[in-house]
1. Please state the charge dipole magnitude for chain B, taken about the Cα centre, from unit charges on C-beta atoms (+1 on K and R, -1 on D and E), reported in debye and rounded to the nearest 20.
2. Let me know the shape class of segment A:116-189, please: from the alpha-carbon gyration tensor, a ≥ b ≥ c as square roots of the eigenvalues, rounded when a/c is under 1.5, otherwise prolate if a/b is greater than b/c, or oblate.
3. Which FRET efficiency value, to the nearest 0.05, is calculated for B:K131 and B:T73 with the Förster distance at 35 angstrom and r the Cβ-Cβ distance?
4. Among bridges DSSP assigns within the protein assembly as shown, what percent are antiparallel (round to 5)?
5. Past the 28 Å Cα-Cα mark, which pairs from A:K131/B:K169; A:K171/B:K104; A:K104/A:K169?
6. Can you grab the distance from the C-alpha centre of segment A:39-64 to the C-alpha centre of segment A:125-179, Å, no decimals?
7. How many Å³ per residue does the convex hull of the Cα positions in the protein assembly as shown occupy?
8. Taking loop as defined by DSSP and a crowding limit of 14 other beta carbons within 10 Å, which trypsin sites (Lys or Arg not before Pro) in segment A:140-169 fit?
Protein chains: 2
Amino acid sequence: MRIVILGSGKGTNAVAIMKAAVEQQLAGTEIVAVFSDIENAMILKHAESFNISSRYLNPGNQKTVLSANEEETWINSILEMNPDLIVLAGFMRILKPKFLSIFKNKIINLHPSLLPSFPGLNSIEKAFNKKVKITGCTVHWVNEEIDGGEIIAQAPVRIMNGDVLKLVKQKVHAAEHMLLPWVIRDLATGVIPFVE
Amino acid sequence: MRIVILGSGKGTNAVAIMKAAVEQQLAGTEIVAVFSDIENAMILKHAESFNISSRYLNPGNQKTVLSANEEETWINSILEMNPDLIVLAGFMRILKPKFLSIFKNKIINLHPSLLPSFPGLNSIEKAFNKKVKITGCTVHWVNEEIDGGEIIAQAPVRIMNGDVLKLVKQKVHAAEHMLLPWVIRDLATGVIPFVE
């Protein structure tokens, strides 16, 4: 299974995947490229340190999506890598219908809540402020509904009395770092089926 | 702590509370009455078997709330019991502002999902159909927002591949039967504070 990772930030989830791959835990999965919409994003530096092809791609002028011309470049750059799976690991742009149709049923996203609770941005903070006692993270197929695609896997995180927001974020991120490689392995081995 | 339980159905959660009380697990909590809006509801028979005062109270003609005149009877019947806590255990009517203000910060409800996911009716079925992998149950304070009051406690339930709806319901109900007596004990001992 050939994977392309897209990310915008620190790349801690990408690192979790790359580490798992190095440790032969992903059933022969190969991470073939990491692309970022942020120049000098840490995720690119991390990929380099794992000797994985990594590149900044210009997202264009729009803030929440890839602009039309630049989207072409993104699509072609990804197609060149011939991926079986595209993993959104902290990728902060909404993918448009054209992109989604070209990579139909090949894109998964990691979201820091137990969806359908707390879709969208700042999920951990929203869960914390709502005083839920159990939150977590979700890996789901990406479709046109934001954080609304079919759920593949979830991991729970308990919020204890006295937990501060920072700790809850650490716990959710720790759950993410376990869940995402686990899902990738199960997709690679067929334990979790690809949608047709 | 004096408890009044309101319920409409089989009363399995009421039984869980009554059992815990008999087993001295509720820190001296006394269940002083069980009221139901359904004549001959099993919850009333269960209460009788525990020698707890139980009574059908006419809800009036409306389906989702207590009708105005009947609401008076409900309020007075509950006030006569001088409760510290009112537990909604499968009570299928929405309480109106007057009722809520008279028993302000004294009413808790048990809901079969990890709120804020799946408020309202048929929560377990909705969670099952949404293919979430983690659901559960929630005890929350009751305010005017349906299933929207402050969360007191939650318990998780994992939905495994191959689980049928019936099994998921059983698992959520089992979690409910553990969570609700636990919350009542912690309210009685002050581990969980009453809201002022």
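The values are calculated or read from the model by the stated rules, or taken from the named source; none is laboratory data. Quantities reported herein were computed from a predicted structural model and do not represent experimental measurements. Ideal geometry is used to build each Cβ from the backbone, glycine not excepted, and the neighbour counts take in all protein chains shown. When the accessible area is computed, the model is the full protein with side chains, heavy atoms only, and any ligands, DNA or RNA have been set aside. Shrake-Rupley method; radii C 1.70, N 1.55, O 1.52, S 1.80 Å.
1. Details: 20 positive and 19 negative charges, 160 e Å.
Using only the charged Cβ atoms, the result is roughly 760 debye.
2. On the way: a/c = 2.71, a/b = 1.48, b/c = 1.83.
Taking the square roots of the gyration eigenvalues as a ≥ b ≥ c, segment A:116-189 is oblate.
3. Calculated value: 0.20.
4. Antiparallel bridges make up about 40 percent of those DSSP assigns within the protein assembly as shown.
5. Violating the 28 Å limit, Cα to Cα: A:K171/B:K104; A:K104/A:K169.
6. 25
7. Once divided by residue count, the hull of the protein assembly as shown is 161 Å³.
8. Numbers: sites: A:R158, A:K166, A:K169; in loops: none.
Passing both the DSSP loop test and the Cβ count: no residue.
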